[in-house]
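Colleague: Mind looking over this structure? Questions follow.
The values are calculated or read from the model by the stated rules, or taken from the named source; none is laboratory data. Please read these numbers as outputs of a predicted model, since none were measured by experiment. Here the Cβ is made from the backbone with ideal geometry for all residues, glycine too, and neighbour counts use every protein chain on show.
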Amino acid sequence: MLKRVFAVPLVFYKWINSSINWFFNFLELNHKKVHYTSFPIIRGRIQLLGEGDFIFGKELSFNCSTRSNFVGLYKTCTIAVLKNARLEIGDYSGFSAISIYCSKNIKIGKYLNCGGNVSIWDTDFHPLDSTDRRINNMDMIASSPIIIGNDVFIGANSIVLKGVTIGDRAVIGAGSVVTKNIPCNEIWAGNPAKFIRTTS
């Protein structure tokens, strides 16, 4: 009997929470002037930063809450696209607690499957020279575009660093740090990521 008593309020609470999140996400995407083919599926609340170009393909999926994916998410999805930068995400791609930081250009193909807590950064964030770091010399921060092909799988907790191209149908093992280009149809893993074998 108690289950019946609490069932209706629980369903109502979930509906209210989902509606509030949808409204928040709608405002967030429109405030950042995100170009989307269809409104993405967003579980939880997404966070967007920057004045660059956000280009979203159709039927994207973002798991932004710890309850949306039990792989062990520790944050929401955060996407930064700086002024004069461009982020393009192809159709049917999915993310869980993704961290994307685009200072110049990041292009992601269709059907990208990202495990939990993956990071994709096209910048070093800070200068490598200690003198430049002391004075926060932004002009000395290295940045380089990232290109990720179609049907790529990136395992949980991996990091894709600046200047990397990942070919179609490549697989990145969980916990990898990708510092080099990865050809099509290859499996790479490790820190730094190294060739394991081909996918076929």
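Colleague: With the condition kept exactly as written, say whether any residue in the stretch 143-159 is in a strand (DSSP E or B), more than 17 Å from Glu88 (Cβ to Cβ) and more than 15 Å from the chain's Cα centre (by Cα).
Modeller: No, the stretch 143-159 contains no residue that is in a strand (DSSP E or B), more than 17 Å from Glu88 (Cβ to Cβ) and more than 15 Å from the chain's Cα centre (by Cα).
Colleague: Determine, yes or no, whether Lys162 is more than 18 Å from Val177 (Cβ to Cβ), more than 13 Å from the chain's Cα centre (by Cα) and at pLDDT 95 or above.
Modeller: Taking the combined requirement at face value, the residue does not satisfy it.
Colleague: Considering only the stretch 97-111, state which residues are in contact with an Asp or Glu (Cβ under 8 Å, 6 or more places away or on another chain) and over 19 Å from Ser144 (Cβ atoms).
Modeller: Filtering the stretch 97-111 for residues in contact with an Asp or Glu (Cβ under 8 Å, 6 or more places away or on another chain) gives 101-111.
If the condition is that a residue be in contact with an Asp or Glu (Cβ under 8 Å, 6 or more places away or on another chain) and over 19 Å from Ser144 (Cβ atoms), then Lys110, Tyr111 are the ones that fit.
Colleague: Moving on. Which residue, of Lys180, Lys110, Lys162, is farther than 16 Å from Ser61 by Cα, in a loop (DSSP other than H, G, I, E, B) and in contact with a Phe, Trp or Tyr (Cβ under 7 Å, 6 or more places away or on another chain)?
Modeller: Lys162
Colleague: If you scan the stretch 116-162, which residues turn out to be polar (S, T, N, Q), surrounded by fewer than 21 Cβ atoms within 10 Å (Cβ to Cβ) and free of Cβ contacts under 8 Å to residues at least 60 places away in the same chain?
Modeller: Passing the criteria: Ser119, Thr123, Ser130, Thr131, Asn136, Asn137, Ser143, Ser144, Asn157.
Colleague: So how many residues does the stretch 48-58 have that are loosely packed, with under 15 Cβ neighbours inside 10 Å and within 22 Å of Asn117 (Cβ to Cβ)?
Modeller: 1
Colleague: Just to verify a result, which residue in the stretch 13-40, among those that are among the β-branched types (Val, Ile, Thr) and surrounded by 12 or more Cβ atoms within 10 Å (Cβ to Cβ), is farthest from the chain's Cα centre (by Cα)?
Modeller: Across the stretch 13-40, the extreme among qualifying residues is Thr37.
Colleague: Going by the structure shown, is Lys75 touching a residue at least 12 places away in the same chain (Cβ under 8 Å) and over 21 Å from Tyr111 (Cβ atoms)?
Modeller: Taking the combined requirement at face value, the residue satisfies it.
Colleague: Only one of Gly94, Gly116, Gly167 is out of contact with any Asp or Glu (no Cβ under 6 Å at 6 or more places or on another chain) and farther than 20 Å from Leu48 by Cα. Can you tell me which?
Modeller: Only one candidate passes the filter, namely Gly167.
Colleague: How many residues, within the stretch 64-91, are in a loop (DSSP other than H, G, I, E, B) and either closer than 16 Å to Arg43 by Cβ or in contact with a helix residue (DSSP H, G or I) (Cβ under 9 Å, 6 or more places away or on another chain) (or both)?
Modeller: Result for the stretch 64-91: 14.
Colleague: I'm told Ile196 meets every condition in (1) in a strand (DSSP E or B); (2) surrounded by 18 or more Cβ atoms within 10 Å (Cβ to Cβ); (3) of a type in the set (A, V, I, L, M) except one. Can you identify the failing condition by its number?
Modeller: Status for Ile196: all satisfied but (2).
For (1) modelled with pLDDT of 95 or more; (2) farther than 20 Å from Asn105 by Cα; (3) of a type outside the set (A, V, I, L, M, F, W, C), each residue gets a yes or a no:
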site	(1), (2), (3)
Ile42	yes, yes, no
Leu48	yes, no, no
Phe54	yes, no, no
Val81	yes, no, no
Ile89	yes, no, no
Gly94	yes, no, yes
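Colleague: Out of the residues in the stretch 59-99 meeting the condition of being crowded, with 22+ Cβ neighbours inside 10 Å and among the aromatic types (Phe, Trp, Tyr), tell me which one is farthest from the chain's Cα centre (by Cα).
Modeller: Phe62
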